[in-house]
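Below: one structure, written as structure tokens.
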Amino acid sequence: MTFPELTPDPAYLADLPTAPQPIVLVGAGGIARDAHLPAYAKAGFPVAAVVDRDPGRAAELAAAFAVERCYGDVADAVAAHGTEAIYDVAVMPDAFAPILQALPDGAAVLLQKPLGYSYAQAQELAGIVERKRLTAAVNTQLRFAPHVAAARRLIAQGAIGDLVDLEVLVRVETRWELFPSVFGLERMEMPMHSVHYVDLVRSFVGDPSGVSAVTVGHPAKPDLASTRTAYLLHYADRPLRVSISTNHDHTFGPEHQEASVLWHGTTGAIRTQLGLLLDYPRGGPDVLEIGRGSGWEQIDVEGSWFPDAFIGSMGALQRFVTGESSTLPTAVTDVLRTMAVLEAAHSSSRAGGHPLP
């Protein structure tokens, strides 16, 4: 049996597109300023326009990154650029549907994660994509982080043997006040944060056969539906343990904060540190290490999650649109399965676990 992590989709490890299409950025918020536009500048992707319902904010961001045009309405951008651009939608999920409806049929679009707050909402968005024949991907950019890409390559080469354990551990203090839109959401931690790790796991080992989970809030943060989540993803056809643990309430100093992904194989192990999450948004160093029985060796990797991973997610869509790649692993149809895992996890948490005999 060939396991999926041994034959990764070539789009994950592909070169930059040779003839990238112009990008129309929809949303002039913090993620656009901190990640999207710096990534595109670094990669040399042309940005044709910035769109925001606050025209002043769009103009300010456009000026900061030497983007020539800005609009206060998606319809105006569509009238000017039609299907000759890729629309990069960097807004909250509740704004996705009207934006998708406003795009021209047959357009290419990259949606910021998550694909909705729930599986039902994700299905509705997938329906719009299908009806309008959009080439639509989701910006699940952790799949393309440089250290993750290096780990993916090593695992595919057999550097640690057969994968038997995949663990994501996040224990940090997250400053949710930087993201005011998450307060009051019915579901918070799963769709707004740990979706990254569920999606990352799927990109390596595929869909689980079942999910067990618990997600809870914190008494000191009543406006946040959940801030800590634990998942166990079951893979019934192989001896593989997958666990994801997130705790955003570690407010007791940096000494024991942790943000890492660990891949354990039959002959070795790989660990990467997600430095961005340590003292966000300043972040700490990204680290990639491999251990094979005689100590751990650090592997030098250029780049970091922000902004470099955003080059990969946009680059994969660009290459698919221009015909340089025949696959689009981050297509809405694929990421819909990530949302299905989250829905199963949410249901598992609500069910309260298997009762004691």
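What follows is calculated from the coordinates using simple rules that are stated; it is not laboratory data. Source: prediction; values computed, not measured. Note that each Cβ is placed from the backbone with ideal geometry, even for glycine, and that neighbours are counted across all protein chains shown.
Highest average first, the peptides 262-275, 209-222 ordered by how many other beta carbon atoms sit within 10 Å of their residues are 262-275, 209-222.
Assuming charge only on the beta carbon of Lys and Arg (+1) and of Asp and Glu (-1), the dipole of the chain about its Cα centre is about 400 debye to the nearest 20.
Which of the chymotrypsin sites (Phe, Trp or Tyr not before Pro) found in the range 221-253 are in a DSSP loop and have at most 11 neighbouring Cβ atoms, other than their own, within 10 Å?
Phe252
Extent along the principal axes, Cα only, for the range 195-306: 46, 37, 24 Å, with the longest axis given first.
Among the trypsin sites (Lys or Arg not before Pro) found in the range 117-211, those both in a DSSP coil and sparsely packed, with 13 or fewer other Cβ atoms within 10 Å of their Cβ, are Arg133, Arg175.
Against the chain, whose longest principal axis comes from its Cα atoms, helix 195-205 is set at around 70 degrees. Annotation for the range 245-317: GluC sites (Glu not before Pro) lying in DSSP loop with at most 16 further Cβ atoms inside 10 Å of their Cβ are Glu255, Glu302. Classified by the C-alpha gyration tensor, the range 28-128 has a prolate form. Its axis ratio a/c, with a ≥ b ≥ c, is 1.5 or above, and a/b is larger than b/c.
Lys/Arg Cβ at +1, Asp/Glu Cβ at -1, dipole of the range 140-202 taken about the Cα centre: which of His193, Leu142, Phe179 is farthest positive-ward? The listed residue farthest towards the positive side: Leu142. Considering only alpha-carbon pairs that sit under 8 angstrom and 6 or more positions apart, the relative contact order computed for the chain is 21 percent.
Report, to one decimal in Å, the Kirkwood hydrodynamic radius for the range 249-328 based on all distinct Cα pairs.
15.1
How would you classify the range 137-238 from its alpha-carbon gyration tensor, with a ≥ b ≥ c the square roots of the eigenvalues: rounded for a/c under 1.5, else prolate if a/b is greater than b/c, otherwise oblate? Because a/c hits 1.5 or more and a/b exceeds b/c, the range 137-238 counts as prolate.
Along its three principal directions, the equivalent ellipsoid of the chain from the Cα gyration tensor extends over semi-axes of 32, 24, 21 Å, largest first.
Adding -39500 (n - 2.57) for every DSSP H run of four residues or longer, then dividing by how many residues the chain holds, sets the calculated 222 nm ellipticity at -9000 deg cm²/dmol. Rounded, prolate or oblate: which fits the range 1-54 when a ≥ b ≥ c are the square roots of the eigenvalues of the alpha-carbon gyration tensor, with rounded for a/c under 1.5 and prolate only if a/b beats b/c? Prolate. Between Lys221 and Trp296, the distance separating the two model label sites (each 7 Å from Cα on the Cα→Cβ line) works out to 2.6 nm.
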